[in-house]
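Notes follow once the structure below has been shown.
We did not get these values from a lab; they are worked out from the coordinates using the rules stated. Computed from a predicted structure; not experimentally measured. Cβ atoms come from the backbone with ideal geometry, glycine included; neighbour counts cover every protein chain shown.
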Amino acid sequence: MKGVILAGGLGTRLLPLTRVTNKHLLPVYDKPMIYYPIECLVKAGIQDIMVVTGGEHAGDFLKLLGNGKAFGLRELHYTYQEGEGGIADALRLAEDFVDRDKIVVMLGDNIIEKNICKAVGSFFTQQRGGKILLKQVDDPQRFGVADIDGDSVVGIEEKPAKPKTNYAVIGIYMYDAQVFEIIRTLKPSGRGELEITDVNNAYIAQGTMTYEILDGWWTDAGTFESLHRAGVLVASGGANHLDGESKAATAAGVGAL
């Protein structure tokens, strides 16, 4: 099974910090943001990992990460995304690297408290299709929201004004090799991007998408509020240990406990 970390984008919500570096190289407490998804995949037993990045600071990933030796990897792979084509467009660039294997895709600004070992293990034995990880949140209208019925995912709606559930689709996705065929059928959204929600809904339409509820906290780190929240969560060991002042300061962050 291969791992793909998507670490491109302009990081405009973190300007002016991202004028001088890629968002995923910013610190979250005591480590660069990109360390967290790499460590997450390695803990799940994934040794073949590719980082997809872009922009004028892409070379800094190689300076920081090298061949991945610091993470116990034999080598770390890289590819470059030109422009802003969206998450699915970035994933498309990893097709040759994946080489018909199953993959775990992780957004480079997603940070979780625990691990994804159980989910990866169950997907490894899943015959075909995809798997998404969900988390209950207080503000589901800000995310892709999953409508579930028992063990099935009925559909995913992107940033709905009136969410059907409070289950947010977090930035960790698992796919079989058919994902690249699906991406080739996609049309750009109103934002001019190939949307990962469309990929997930294609698997749902086939009846081959499964899900699991993430254990522990999750946050992204793509805004000033959520970047601060992520640092506090990592430093404190979890939301249950946040003091009142820290909770107030991070209340606008992304994710839920």
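So for segment 2-249, averaging the separation of alpha carbon pairs under 8 Å that are six or more residues apart and normalising by length, what relative contact order in percent results?
Relative contact order comes out at 22 percent.
Under a Cβ-only charge scheme (Lys and Arg +1, Asp and Glu -1), can you give me the dipole magnitude of the chain about the Cα centre, in debye to the nearest 20?
It works out to roughly 200 debye.
For segment 83-96, just list the computed ³J(HN,Hα) in residue order, Karplus coefficients 6.51, -1.76 and 1.60, θ = phi - 60°, integers in Hz, with x standing in for Gly and Pro.
x, 10, x, x, 5, 5, 5, 5, 4, 3, 5, 8, 4, 5
Give me, ordered by chain and number, the residues 5 or more places off V28 or on other chains with an amide H under 5 Å from its own placed amide H.
When sequence neighbours closer than 5 places are left aside, the close amide H contacts are M33.
Can you work out ³J(HN,Hα) from phi for every residue in segment 179-188, in order, using Karplus 6.51 cos²θ - 1.76 cosθ + 1.60 and θ = phi - 60°, giving whole Hz and x for Gly and Pro?
Residue by residue, segment 179-188 yields 4, 6, 5, 5, 4, 5, 8, 6, 10, x Hz.
Need one number: % antiparallel among DSSP beta bridges in the chain, to the nearest 5.
Beta bridges within the chain, antiparallel portion: roughly 50 percent.
Which far-off residues, 5 or more places away or on another chain, put their amide H under 5 Å from the one on Y78, with H placed in the peptide plane?
HN-HN under 5 Å from Y78: V51.
Could you name the lysines whose alpha carbon sits less than 18 Å from that of K118, not counting residues in the same chain fewer than 8 places away?
K2, K43, K102, K131, K135
Across segment 129-136, in residue order, what do the Karplus-derived ³J(HN,Hα) couplings come to in whole Hz, using 6.51 cos²θ - 1.76 cosθ + 1.60 with θ = phi - 60° and x for Gly and Pro?
Going residue by residue, I get x, x, 9, 10, 10, 10, 8, 6 Hz, with x marking Gly and Pro.
Mind jotting down the distance between the C-alpha centroids of segment 22-51 and segment 208-236, whole Å?
A separation of 13 Å, based on Cα centres.
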